[in-house]
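Trainee: Take a look at this one; I'll ask things after.
The values are calculated or read from the model by the stated rules, or taken from the named source; none is laboratory data. Since we're looking at a predicted model, the values are computed, not measured. When we count neighbours, we look across all protein chains shown, and the Cβ atoms used for this are built from the backbone with ideal geometry, even at glycine. For the accessible areas, the whole protein counts, side chains as well, though only heavy atoms, and no ligand, DNA or RNA atoms are used. Shrake-Rupley method; radii C 1.70, N 1.55, O 1.52, S 1.80 Å.
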Amino acid sequence: MPLMNAPFLLDEIRLALRQYLETGERRTLYLSQFPMTEEDAAHLQQTLGPGAITIQTAGENRTVWRECGTAGVWWGEYCEGPKKVILRTIEIGPYPELAVTPQDDIAFALAALEERCATHA
């Protein structure tokens, strides 16, 4: 079967990388919105190449981001349950935006750490 959307997506990734370098603007492409053949997915993965970093959330609904061999490009898979992928994305930026710890979580963690330290002092 011929490629359907891989060439278009690669053009979008190139444009997004260029825009990120020029303006710092991040971009997310939702692969689930495009009809993709197995050949499309294989072509994308082969062209972008494998990277060295994987970020994975723990828990029942797992999320995995894999850095591609193309720096600044992250392949994301969002799962329902342990294995069912419900969303695939490509994020353009230095790291996946959803992998960043929210400020409120850091503030809560600091308060909890201060409390634990106070009780053990």
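Trainee: Accessible area per residue for region 1-54 in Å², computed with a 1.4 Å probe and the full protein assembly in place, what is it?
Mentor: 68 Å²
Trainee: Also: Under unit Cβ charges (Lys, Arg +1; Asp, Glu -1), what dipole magnitude, rounded to 20 debye, does region 16-55 have relative to its Cα centre?
Mentor: Result for region 16-55 is approximately 200 debye, rounded to the nearest 20.
Trainee: Okay, next question. Evaluate 2.2 N^0.38 Å with N set to the residue count of region 30-117, then give the Cα radius of gyration divided by it.
Mentor: This ratio for region 30-117 stands at 1.34.
Trainee: So, one more: For the chain, give the percent of accessible area contributed by carbon and sulfur heavy atoms, probe 1.4 Å, rounded to a whole number.
Mentor: Carbon plus sulfur share of accessible area: 56 percent.
Trainee: Also: Treat every Asp and Glu Cβ in the chain as -1 and every Lys and Arg Cβ as +1, leave all other atoms uncharged, and give the resulting dipole magnitude about the Cα centre to the nearest 20 debye. Please list the in-between numbers first.
Mentor: Numbers: 10 positive and 17 negative charges, 42 e Å.
The dipole of the chain has a size of about 200 debye.
Trainee: Another question, then. How far is it, in nm, from the label point at E97 to the one at E60 when both lie 7 Å from their Cα along the line to the Cβ?
Mentor: 2.8 nm
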